[in-house]
Amino acid sequence: MRAQTNMIAPFDASTLEDEVREAVRQGHPNVQAVDFAPRTLSAPPAPEYVNHREDVSEIGKLSAEAIVREYEETAKEIEAMGDVLRDMVQRCEQLTGSASAMLMDIKETAARYRSEGKRMFTEIESCSSATDEVRRLCEAFRDKLATSSVETPK
């Protein structure tokens, strides 16, 4: 089965006005072509940072206003991204403060571990020295007992 293709003529904007005028003439009698359509109050005003020139047509003014409103809306979205970024920066600053406090705690904990390690080192060496001295005293006493029992026969 072959797919049907509908050929559509390319859109020609230059003939649009004539086609609309002709359609209005052939249409319902209560529809009339209007050369000038006044602005409705529903469209928001143009931003304060732009002013119309005197030599611009109404279509040009409307088109320029529509475009500048789109740019203004986009600028507001960009500013909203800036607000999100500002919130992220504040969170980062808070995290940095917390991280700095945690870093100080880590350094203090490491210093306490080193101090405790040094204390244990000194205590173990002291115990080792005391054990060596006790062992030497025991050996000396044993030797003394052994020599005195050999010298004194009963």
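The values are calculated or read from the model by the stated rules, or taken from the named source; none is laboratory data. What you see is a predicted model, and the numbers here were worked out from it, not measured in a lab. When we count neighbours, we look across all protein chains shown, and the Cβ atoms used for this are built from the backbone with ideal geometry, even at glycine.
In the condition set (1) under 42 Å from the mean Cα position of the chain (by Cα); (2) at pLDDT below 90, Glu79 is compliant with all but (2).
Yes or no, residue by residue, for (1) in contact with a Lys or Arg (Cβ under 6 Å, 6 or more places away or on another chain); (2) surrounded by 10 or more Cβ atoms within 10 Å (Cβ to Cβ); (3) farther than 30 Å from Glu17 by Cα:
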{"site": "Glu48", "(1), (2), (3)": "no, no, yes"}
{"site": "Val56", "(1), (2), (3)": "no, yes, no"}
{"site": "Leu62", "(1), (2), (3)": "no, yes, no"}
{"site": "Ala110", "(1), (2), (3)": "no, yes, yes"}
{"site": "Gly117", "(1), (2), (3)": "no, yes, yes"}
{"site": "Ser128", "(1), (2), (3)": "no, yes, yes"}
{"site": "Arg136", "(1), (2), (3)": "no, yes, yes"}
